[in-house]
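Working notes for the structure below.
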Amino acid sequence: MKYAVIGNFTIDIINGKKRPGGGAYYSGLVLSKYAKVTVYAKIGPEYPEEWIRDIERYVKVIPFPADSTTSFELVYEGESRVLRVLSKGEQFTLRELNSIKERRVIVNPVSGEIRPEHLTVFKNPSLDVQGFVRELKDKVEIKNVDGSFLNNCNIVHASAEEYKALVNPGTPNILAVTNGSRGGVLKLRDGREIKFEPKRVHTENPTGAGDAFLALLVYGIDSFGIEEGLRFAIDETAKFLKLGLKNYLDRDDDASIG
């Protein structure tokens, strides 16, 4: 299978150390373990070239030029995190989005770089709500937005907090609402609901878990159907959290979750 993953890369500072980040970064790399992936991202001149080379070990990167890259400082407090905004990235133009020709599309923006009305460029894209309800001020805040754009979507992921920010949310084919370690629910267009629990995994850094889950859920459902695809996404997200991104990508055998 071939997928396009769309969204800006970020420069994240965690415990004083710079590292690559962004929803498209985590979704694209995790998905590359099972499919051919092209990541489309707006990339500013300060984004390290060695990071791009490392990412291209796993996925094809199509960079669109930008004057700046979104940068955050992340502070974790238990399961919650605070993102302090250091710099903001840029929006994709409609022309750039129209250049993307893959049939399977996952849209995972950081914050506002893809306008909801521009999603009609794609037929039934899958997406993460986070980048449509985030607002970048001194810190990342959640804002209310019209959620009718979800009607055009295939598989959608949102945290419980993010989903509450949608006013008049549309109905995608499949909606996954998660609430950290407290579990989540799949809501299907036909009205069925499937509740699920994540596997308990000790991790020092949960960054990217939701992005990984979205990509794995899309691939899992495309490959195995809804219920088996959900189990696949839960299992693989737990492995991602236990191993960390690099070990997850480079490990060939199955990781025991215990």
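The values are calculated or read from the model by the stated rules, or taken from the named source; none is laboratory data. Predicted model, so just to flag it, every value in this text is computed and none were measured. With ideal geometry, Cβ positions are generated from the backbone for all residues, glycine too; neighbour counts draw on all protein chains shown. Areas reflect the complete protein model, heavy atoms only, side chains present, ligands, DNA and RNA absent. Shrake-Rupley method; radii C 1.70, N 1.55, O 1.52, S 1.80 Å.
Structural remarks
- Calculated on the Cα set of segment 41-115, radius of gyration then Dmax: 14.2, 41 Å.
- Judged by the mean number of other Cβ atoms found within 10 Å, the most tightly packed of the peptides 95-108, 227-240 leads the ranking 227-240, 95-108.
- Taking 19 Å as the straight-line reach from the Cα of Lys139, the aspartates and glutamates in range (excluding those fewer than 8 positions away in the same chain) are Asp12, Glu73, Glu77, Glu79, Glu90, Glu113, Glu161, Glu162.
- On a per residue basis, the convex hull of the C-alpha atoms belonging to the chain measures out at 119 Å³.
- Rounded to 5, the percent of DSSP beta bridges in segment 155-258 classed as antiparallel: 60
- Of all DSSP beta bridges in segment 1-152, antiparallel share, percent nearest 5: 40
- Using a cut-off of 23 Å between Cα atoms, the listed pairs Lys123/Lys187; Lys42/Lys137; Lys101/Lys242; Lys143/Lys246; Lys2/Lys88; Lys33/Lys143 include Lys101/Lys242; Lys143/Lys246; Lys2/Lys88; Lys33/Lys143 as exceeding that distance.
- In whole percents, the pair-distance distribution calculated for segment 122-249 from its alpha-carbon pairs, binned every 5 Å from zero, is 2, 11, 20, 23, 20, 14, 8, 2, 0.
- Dipole magnitude of segment 131-258, debye to nearest 20 (Cβ charges: Lys/Arg +1, Asp/Glu -1, about Cα centre): 360
- Of every Cα-Cα pair in segment 104-173, the percent that sits beyond 17 Å: 34
- Nearest-20 debye value, the chain charge dipole, Cβ charges on Lys, Arg, Asp, Glu: 280
- CD proxy at 222 nm, helix term only [per DSSP H run n ≥ 4: -39500 (n - 2.57); per residue of the chain; nearest 500]: -7500 deg cm²/dmol
- Atom-type composition of the exposed protein surface of segment 109-258 places 45 percent of the accessible area on carbon and sulfur (1.4 angstrom probe).
- Local net charge near Val129, Cβ-Cβ under 11 Å (Lys/Arg +1, Asp/Glu -1): -1
- Net charge of Cβ neighbours under 12 Å - reference Gly229; Lys, Arg +1; Asp, Glu -1: -4
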